[in-house]
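Since the structure comes first, as structure tokens, the remarks are kept for the end.
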Amino acid sequence: MEDIQEILEDFLVEAFELIEQLDQNLVELEGNPDDLELLNSIFRVAHTIKGSSSFLNFDILTGLTHHMEDVLNKARHGDLKLTPEVMDVVLESIDLMKSLLHAIRDSGNDTSAGIDITDICRRLDIISNGDVASTTVQELVDESPVPESEENDNTDYSKLSDKEVEDEIERLLKMRKEEDRKRRENNGVPKAAAAVSTPSFESLKDHDEDDETPKVAEPVVTKRAAAENAPAKKESASSMEQTIRVEVKRLDHLMNLIGELVLGKNRLLKIYDDVEERYEGEKFLEELNQVVSSISLVTTDLQIAVMKTRMLPIAKVFNKFPRMVRDLSRELGKQIELEISGEETELDKSIVEEIGDPLVHIIRNSCDHGIEDGATRRAQGKSEMGLIQLKAYNEGNHIVIEITDDGKGLDPDLLRTKAIEKGMITEREADAMSDKEAYALVFRPSFSTAKVVTNVSGRSVGMDVVKTNIEKLNGIIDVDSEIGHGTVIKLKIPLTLAIIQALLVGAQEEYYAIPLASVLETVRIPLDEIYTIEGKNVLRLRDEVLSLVRLSDIFGVKQVYEGGEHTYVVVIGLAESKLGVVVDTLVGQEEIVIKSLGDYLQGIEGIAGATIRGDGRVTLIVDVAALMNLAKGITVDIRASAEAVVKTKTVPSDYIVLAVDDSAMDRNIMKKSMEPIGVKVLEASNGQEALNMLKSAEYSIDAVLIDIEMPRMDGYTLAGEIRKYSKYKNLPLIAVTSRTSKADRLRGVESGMSEYITKPYSPEYLESVVRKNIKL
């Protein structure tokens with residue numbers, strides 16, 4: 001039983017692989033019916049599926065493929081011309097074949113789905129005998145050995161011996177050969193050409209006999225086709241020997257392990273940077289550098305190799321479009337040609353599965369809305385045959401899919417008018433809208449310019465689904481059009497969704513990762529270049545007015561510290577929309593592994609997932625599409641709020657000094673030393689308490705006096721933690737300690753201390769050091 005199940009699984013895999021290319025090949029054959037090599041390859045697919053299904057007792061599928069094979073066999077012998085009407089029936093039989101295969105996959109048989117092939121088989125028979133007079137057809141029926149067949153149908157094979165069964169099979173084969181011979185004679189097929197036709201029973205005996213190229217009127221072409229077929233068969237056999245089928249879940253698990261390895265590599269690089277800074281000049285650093293570099297290189301190569309195992313050619317998606325365009329052109333009464341290039345471009349399996357539906361919507365729109373009818377095209381001086389080009393190519397870590405048509409193009413004025421009529425935009429917004437922004441209106445929900453609702457389009461659904469699906473893949477859509485010349489739609493999609501390049505940014509104490517594909521540029525600007533127009537923050541960047549929003553305002557991050565007179569702006573883009581995101585720090589570009597937030601945190605708006613950085617901390621990954629929607633509801637005046645935080649200190653009593661020491665007596669000495677200055681002194685008994693006071697931002701602290709030996713958190717660690725915040729990069733940190741060695745002083749400088757005072761000290765000296773650092 002297990003053997004049969006394994007054979008069935010192999011049959012289904014092979015059948016789906018064979019039939020996948022069939023639609024495209026048949027459409028191509030319709031345009032070039034003299035391509036004998038293509039016709040032979042299509043015939044072999046039908047023949048192979050028929051033979052395998054017959055072996056597995058799938059009688060319905062066997063019968064359908066047998067009738068289809070007869071038509072293809074007539075065509076390759078030159079006895080039948082493949083007209084569009086004939087191809088309609090053949091393509092319909094292909095659809096039924098797919099349905100039967102799906103039924104076999106789901107239920108294990110081809111009968112439970114209740115698919116009736118009687119009508120399609122009758123139509124295939126009519127086509128197969130199309131050139132024969134009705135009388136001849138009747139003669140064929142009369143001459144068929146019906147009584148003998150009927151008699152044989154009543155034979156009880158279970159009572160026959162092995163020898164009798166073999167004799168019966170031989171008799172049936174001879175009978176079938178005789179039937180085929182008579183049919184060929186009646187159809188007037190030359191004997192040399194007819195010799196190729198092989199009974200279905202023999203498909204199990206000798207498959208190669210059916211692959212012989214028939215001899216037709218042009219023997220030169222026949223030899224060329226045969227010569228090309230031979231090495232192709234050899235190459236195919238070789239490639240099959242070198243191929244192994246692997247379950248997708250195993251590849252997913254391997255990809256997860258690679259993700260963890262990448263995180264480990266990032267952690268190792270971070271540790272190496274810390275070690276290099278601390279032990280600069282040491283001999284072991286060179287050897288450590290070589291090891292770290294080697295591990296980093298091998299990890300990257302391994303990551304690429306594993307990613308390639310999950311890659312599939314985009315042809316798996318593209319192959320269904322020639323058939324779709326062919327059917328649509330007949331349905332719409334238009335002549336449309338589809339040109340495909342770059343189908344060998346590879347994408348991650350998960351993205352290949354998701355990209356199909358968006359492309360279907362776009363191409364259907366190009367056929368219905370883009371390409372004009374023949375009369376209109378002739379009147380405009382265009383070729384009556386409309387052209388749609390589907391192209392794929394690599395661009396960095398992304399793949400670009402380009403859909404171009406030479407139709408009527410998008411009218412930006414019409415789009416604006418329709419949007420106003422539907423209440424999507426105001427007239428004022430329409431006047432301020434560029435043509436590029438007008439093109440983006442087609443992606444709005446419930447937007448349609450179709451005057452008539454058809455089976456193809458006009459129901460106001462489709463393009464908004466495209467936008468949603470592409471954004472789920474962290475992709476970008478770009479639309480360009482010219483009235484009377486056509487439209488170009490570009491989809492830019494990452495090669496994989498598991499590991500991406502991201503820009504790490506800081507918003508107050510939090511860090512976020514923005515997918516690099518959505519980042520257009522970063523700029524550093526003074527606060528006085530930010531203006532407020534109708535309650536919205538804007539920036540004039542070159543010749544463009546850019547909306548601004550602070551990342552900390554979107555995610556509700558507490559304002560722990562002010563950012564100073566300058567700030568960073570990350571310009572992000574999605575389709576035709578742009579937004580400037582104000583951040584406090586730019587950490588840099590990093591390769592990140594996307595992790596799910598789990599069921600409990602799933603669905604947080606604006607967050608696409610999380611990653612673990614080199615220092616071990618979790619960083620949230622921004623969902624750019626959701627971020628741009630959230631930004632619309634933010635009304636905080638960035639410039640006013642930043643200026644309100646910065647308070648000018650004019651007198652000594654405005655200044656605050658924090659004294660950190662686990663000894664109350666030492667804190668008291670520090671406090672008395674500050675009295676002549678007149679500053680306010682706050683106290684903390686350990687490093688953790690001091691850090692919490694700084695993070696709370698309740699006080700604007702101007703200097704910190706730090707003891708080294710303290711419980712919970714020592715002075716070195718406290719200084720290092722304080723320096724992690726950009727606000728406190730220039731905050732005076734004054735070490736007050738009894739540690740006097742050169743190594744202790746060096747460590748103090750490395751941790752971020754501004755001054756190093758050793759005990760005992762005079763109050764006057766401490767006072768002068770503090771005065772110097774807070775500029776009093």
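The values are calculated or read from the model by the stated rules, or taken from the named source; none is laboratory data. Computed from a prediction, not measured in an experiment: that's the story for all the values here. As a convention, Cβ positions derive from the backbone with ideal geometry for all residues, glycine included, and neighbour counts pool all protein chains shown. Heavy atoms of the whole protein, side chains included, go into the accessibility calculation; ligands, DNA and RNA do not. Shrake-Rupley method; radii C 1.70, N 1.55, O 1.52, S 1.80 Å.
Computed from the C-beta positions of Leu269 and Val749 and an R0 of 41 Å, the FRET efficiency is 0.95 to the nearest 0.05.
Between Asn109 and Ile483, the modelled labels are 6.4 nm apart [label points 7 Å from Cα along Cα→Cβ]. Would you please classify the overall shape of the stretch 649-690 from the alpha carbon gyration tensor, given that a ≥ b ≥ c denote the square roots of the eigenvalues, rounded means a/c under 1.5, and beyond that prolate means a/b larger than b/c while oblate covers the rest? The shape class here is oblate. Summary value for the stretch 663-776: 27 percent relative contact order, contacts being C-alpha pairs under 8 angstrom separated by 6+ residues. Once a ≥ b ≥ c are taken as the square roots of the eigenvalues of the Cα gyration tensor of the stretch 685-776, is the result rounded (a/c under 1.5), prolate (a/b larger than b/c) or oblate (a/b not larger than b/c)? Oblate is the answer for the stretch 685-776, as a/c is 1.5 or above yet b/c matches or exceeds a/b. For the stretch 653-734, the carbon plus sulfur part of the accessible surface works out to 45%, probe radius 1.4 Å.
Solvent-accessible surface (1.4 Å probe) assigned to Met753 amounts to roughly 20 Å². Histogrammed with a bin width of 5 Å, the alpha carbon distances of the stretch 507-627 distribute as 2, 10, 20, 23, 21, 13, 7, 3, 1 percent, first bin at zero. Sorted largest first by accessible area at a 1.4 angstrom probe radius, with every protein chain in place, the residues Ser762, Ser596, Ser751 fall in the order Ser596, Ser762, Ser751.
Subtracting the Cα-Cα distance of Phe55 and Leu288 from their residue separation scaled by 0.36 nm leaves 77.6 nm.
Could you compute the FRET efficiency for Ile7 and Val618, with r as their C-beta to C-beta distance and R0 at 35 Å, rounded to 0.05? Once the sixth-power term is evaluated, E becomes 0.10.
The GluC sites (Glu not before Pro) of the stretch 675-776 that DSSP puts in a loop, and whose beta carbon has at most 14 other beta carbons within 10 Å, are Glu698, Glu709. Rolling a 1.4 Å probe across all protein chains gives Ser577 an accessible area of roughly 60 Å². Distance between the modelled labels on Glu92 and Arg330, one decimal in nanometres: 0.9 nm (7 Å Cα→Cβ projection). Checked against a 21 Å cut-off, the cross-linked pairs Lys492/Lys632; Lys316/Lys492; Lys671/Lys775; Lys492/Lys578; Lys391/Lys490 give Cα-Cα distances beyond that limit for Lys492/Lys632.
In a DSSP loop and with at most 12 other Cβ atoms within 10 Å, the trypsin sites (Lys or Arg not before Pro) in the stretch 513-546 are Arg542. Between the beta carbons of Thr740 and Glu277, assuming R0 = 30 Å, the FRET efficiency works out to 0.80 to the nearest 0.05. Taking one quarter of the surface of the C-alpha convex hull of the stretch 627-768 gives a mean projected area of 10.6 nm². Its Cα gyration tensor gives the stretch 304-371 an equivalent ellipsoid. The semi-axes, each the square root of 5 times an eigenvalue, are 28, 11, 8 Å from largest down.
Applying the criteria of a DSSP loop state and at most 16 other Cβ atoms within 10 Å to the trypsin sites (Lys or Arg not before Pro) of the stretch 698-763 yields Arg712, Arg723, Lys724, Lys729.
If you take the alpha carbon atoms of the stretch 577-669 and fit the smallest convex hull around them, that volume is 229 Å³ per residue. Under the rule a/c < 1.5 gives rounded, and otherwise a/b versus b/c splits prolate from oblate, where does the stretch 337-454 land using the Cα gyration tensor? Because a/c hits 1.5 or more and a/b fails to exceed b/c, the stretch 337-454 counts as oblate. With all pairs of separate Cα atoms included, the stretch 239-367 yields a Kirkwood hydrodynamic radius of 18.9 Å. Based on C-alpha pairs under 8 angstrom that are at least 6 apart in sequence, the stretch 592-705 has a relative contact order of 20 percent.
Dipole size of the stretch 275-373 about its Cα centre, with +1 on Lys/Arg Cβ and -1 on Asp/Glu Cβ: approximately 580 debye, rounded to the nearest 20.
With the whole protein complex present, Met255 retains an accessible surface near 10 Å², based on a 1.4 Å probe. In terms of packing, defined here as the mean over residues of other Cβ atoms within 10 angstrom, the peptides 471-484, 375-388 line up highest first as 471-484, 375-388.
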